[in-house]
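Structure record follows, encoded as structure tokens.
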Amino acid sequence: MFSQRIGGLAPSPIRAILSVIDRPGMVSFAGGLPATSLLPEWSGTVPAELMQYGPSEGEPELRKLVSRRLTDLGLDAPAERVMVLSGSQQGIDLAAKLFIDPGTPVAVESPTYLAALQVFRFYGARFTGLDDLSAAALAYVVPTFGNPTGVCLTADERAGLAERCLASGTVLFEDDPYRELAYDDVDRTPIAARMTGGSWIYQGSFSKTFAPGLRVGFLTASADLYPSLVMLKQSVDLHSSRLSQRIVYDAVTAPDWDARLAGLASFYRNRRDDFEELLRRHLGGLASWTTPGGGLFYWLRLHRPVDTRSLLDEAIARGVAFMPGEEFFPGDPELGTMRLNFSHAATDDADRGLAVLADLLRTACPDSVYPLEFRSTT
Ligand SMILES: Cc1ncc(COP(=O)(O)O)c(C=O)c1O
């Protein structure tokens, strides 16, 4: 089941010893810990012990908190099987290390999250589709407002994927950083909640709901996988920033956290709606799209198969950045696709930027139907 490199994986003896040194009265000659009395104080509000090395799995209170939230979603995620990550990107690397040897079949959506493809490729994955999982060791999905498409899988699609993973013994790897950014009422039940008896990893992040710069994400996994993931984490960074974890913990336990989430969704829903209007105005005759029910992206299909990578330099020279869609394909790219983020730019800036993109596209495909033919599908 695991990659060949996992044969040599063993728990760090140092980490095992360090996990007991906080016991009252313990004299530690283990580990290279700085003297506690010399650790810096930070604004007087952060206890000095947070400046010391900490547990690889994460701060116990934060693990419990995440466990409670994930359990409420239907996942089998006791705190002992919740691990804090230095951003959920780290979970992708850990999973790839655990499963992928050169040539290992990994099933992915097409298109899918570019930085996951890059990691899987780096370890030698061979990409396959999600329809037939018979050969796939791992099935990686972003089922809820996915990156880059914004698509949210239906309840039937979720059930079907879980069934196929269970039938073929494929490990489900569900990457779910966008689930809280929901603008329409759609089913978001984690697929991993349907994986009883199978092997699975589910991960999320505080990047989109709180602060990406803190680099705090989390994962939970079935009992057969979790210990190996912890060992891999030990060798990557020992543990995630304790200060970041404390900041996240304080935010999530503050009385206004749920209101904050609701406020985010409402803010981004408005941004999405404004963006939709602007898209219709500027790109209605040049592209089609489906209005995303959540997340941060519009996925555009141009009416002409122009390779949007060829437009990027000129766009940047004119002060507009976008992601060419071609980059998100595991195999041969579909030409004429673009990912546009709508959460960051203020509406006036988006207006200006989309006008530039429309201009570039008209120049690149002069025979496109325009202006203002409305073709979006909502
Ligand atoms: C699908 C997906 N997974 C993982 C990540 C990484 O997020 P982070 O490492 O900030 O938690 C992103 C970031 O955009 C993403 O879109």
Fill in the blank from the handout: Burial-style ranking of 218-225, 141-148, average other-beta-carbon count within 10 Å with highest first, yields 141-148, 218-225
Handout entry: J(HN,Hα) series, region 319-329, from Karplus relation 6.51 cos²θ - 1.76 cosθ + 1.60, nearest Hz, glycine and proline x
Key = x, 10, 10, 8, 9, x, x, 4, 5, 8, 9
Practice task
Among Trp299, Gly204, Leu38, flag the residue with its Cα farthest along the positive direction of the charge dipole of the chain, charges on Cβ as +1 for Lys/Arg and -1 for Asp/Glu.
Solution key: Leu38
Practice task
For the chain, give the magnitude of the charge dipole about the Cα centre (Cβ charges: +1 Lys/Arg, -1 Asp/Glu; no others), in debye to the nearest 20.
Solution key: 600 debye
Completion exercise
If unit charges are put on Cβ atoms (+1 for Lys and Arg, -1 for Asp and Glu) and the dipole of region 7-122 is taken about its Cα centre, the option from Leu70, Gly7, Leu18 lying farthest towards the positive end turns out to be Gly7
Handout entry: Portion, in percent, of the accessible area of the chain that falls on carbon or sulfur, probe 1.4 Å
Key = 54 percent
Fill in the blank from the handout: Once all protein chains are kept in place, Lys233 shows an accessible area at probe 1.4 Å, nearest 10 Å², of 0 Å²
Handout entry: Accessible area per residue, Å², region 4-253 with all protein chains present, probe 1.4 Å
Key = 43 Å²
Practice task
Would you calculate, for the chain, the mean residue ellipticity at 222 nm contributed by helices, counting each DSSP H stretch of 4 or more residues as -39,500 (n - 2.57) and dividing by all residues, to the nearest 500?
Solution key: -11000 deg cm²/dmol
Fill in the blank from the handout: To the nearest 20 debye, region 259-364 has a Cα-centred charge dipole, built from +1 on Lys and Arg Cβ and -1 on Asp and Glu Cβ, of 280 debye
Completion exercise
Among region 238-280, those whose backbone N falls under 18 Å of a label point 7 Å along Cα→Cβ from Asp351 are 270-280
Completion exercise
For 348-360, 246-258, ranked highest to lowest by mean beta-carbon neighbours within 10 Å, the order is 348-360, 246-258
Exercise for the section: Using the Kirkwood radius over Cα pairs, work out the Stokes-Einstein diffusion coefficient for the chain at 25 °C and 0.890 mPa s, in µm²/s as a whole number. Expected result: 109 µm²/s
Practice task
Identify which of Gly169, Gly325, Gly294 has the largest mean-square fluctuation in a Gaussian network model of the chain, with springs joining Cα atoms closer than 10 Å.
Solution key: Gly169
Exercise for the section: Given the peptides 193-200, 306-313, arrange them by the average over their residues of other C-beta atoms within 10 Å, most packed first. Expected result: 193-200, 306-313
Practice task
State the answer as a single residue: which of Ser110, Ala265, His239 lies farthest towards the positive end of the charge dipole of the chain, with beta carbon charges of +1 for Lys and Arg and -1 for Asp and Glu, about the Cα centre.
Solution key: His239
Practice task
For the chain, with a Gaussian network of springs between Cα atoms less than 10 Å apart, report the residue from Pro177, Pro305, Pro292 with the top mean-square fluctuation.
Solution key: Pro305
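The values are calculated or read from the model by the stated rules, or taken from the named source; none is laboratory data. Every value quoted in this text rests on a predicted model; they were computed, and no experiment measured them. A quick note on method: Cβ atoms are made from the backbone with ideal geometry, for glycine too, and the neighbour counts reach across all protein chains shown. Protein only, heavy atoms only, side chains kept; ligands, DNA and RNA dropped before computing areas. Shrake-Rupley method; radii C 1.70, N 1.55, O 1.52, S 1.80 Å.
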